[in-house]
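Trainee: For reference, the structure I am asking about is given below.
The values are calculated or read from the model by the stated rules, or taken from the named source; none is laboratory data. Predicted, not measured: the structure shown is a model, and the values here were computed from it. Glycine also receives a Cβ, built like all others from the backbone with ideal geometry; neighbour counts cover every protein chain displayed.
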Amino acid sequence: MTTDYAKHLEAVGGRLYLSGIDASLLDVLNRTRTVGERSHVEVFEATDRVGESTLTAYEAAEEWLMRQSTQGEDAPAENPPG
C-alpha cells in the first residue's frame with residue numbers, strides 16, 4: 001500500500017515522507033527497495049525523543065518544497081482549470 005501511494009505521489013511530482021520508522025521496518029523497506037536513492041520515499045528512523053523524527057521529516061519536506069519552487073523541477077503538477 002505504501003508503494004502504491006508513493007507511486008501515485010511520484011506521478012504528480014510529489015514525495016512521501018515517513019517518520020517514526022522502527023529500524024527493523026527500515027531494514028525491510030531497504031531490502032524490498034521501497035526506499036533508496038531512486039525512490040520518491042524519504043524515511044526518518046524513530047529516535048528516543050517523541051516527535052523528533054517527525055519534525056525532521058517535516059523540515060526536510062519544507063526544504064524540498066522550497067527547492068522545487070526555486071528550481072521548477074519535480075514541482076507538483078498544477079490542476080487544470082475546470
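Trainee: Condition first: part of a strand (DSSP E or B) and either in contact with a Phe, Trp or Tyr (Cβ under 7 Å, 6 or more places away or on another chain) or surrounded by 11 or more Cβ atoms within 10 Å (Cβ to Cβ) (or both). Can you find one or more residues in region 1-12 that meet it?
Mentor: no
Trainee: Can you tell me which residue within region 44-56, out of those that are assigned to a helix (DSSP H, G or I) and of a type in the set (S, T, N, Q), is surrounded by the most Cβ atoms within 10 Å (Cβ to Cβ)?
Mentor: Selected residue: S53.
Trainee: Conditions: (1) modelled with pLDDT of 90 or more; (2) surrounded by 14 or more Cβ atoms within 10 Å (Cβ to Cβ); (3) assigned to a helix (DSSP H, G or I); (4) not acidic (D, E). R67 meets all but one. Number of the miss?
Mentor: (2)
Trainee: Write out, first by first residue and then by second, each pair whose Cβ atoms fall under 6 Å of each other, whose residues are 6+ apart or on separate chains, and whose first residue, in region 2-22, is within 17 Å of E59 (Cβ to Cβ) while the second is of a type in the set (F, W, Y).
Mentor: Correct list of pairs: S19/F44.
Trainee: If you don't mind, there's one more thing I want to ask. Restricting attention to region 27-43, which residues are in a helix (DSSP H, G or I) and either within 19 Å of A61 (Cα to Cα) or of a type in the set (S, T, N, Q) (or both)?
Mentor: N30
Trainee: Please go through region 47-67 and pick out each residue that is in contact with a strand residue (DSSP E or B) (Cβ under 7 Å, 6 or more places away or on another chain) and either over 13 Å from R15 (Cβ atoms) or not aliphatic (A, V, I, L, M) (or both).
Mentor: Listed by number, the residues that qualify are S53, T54, T56.
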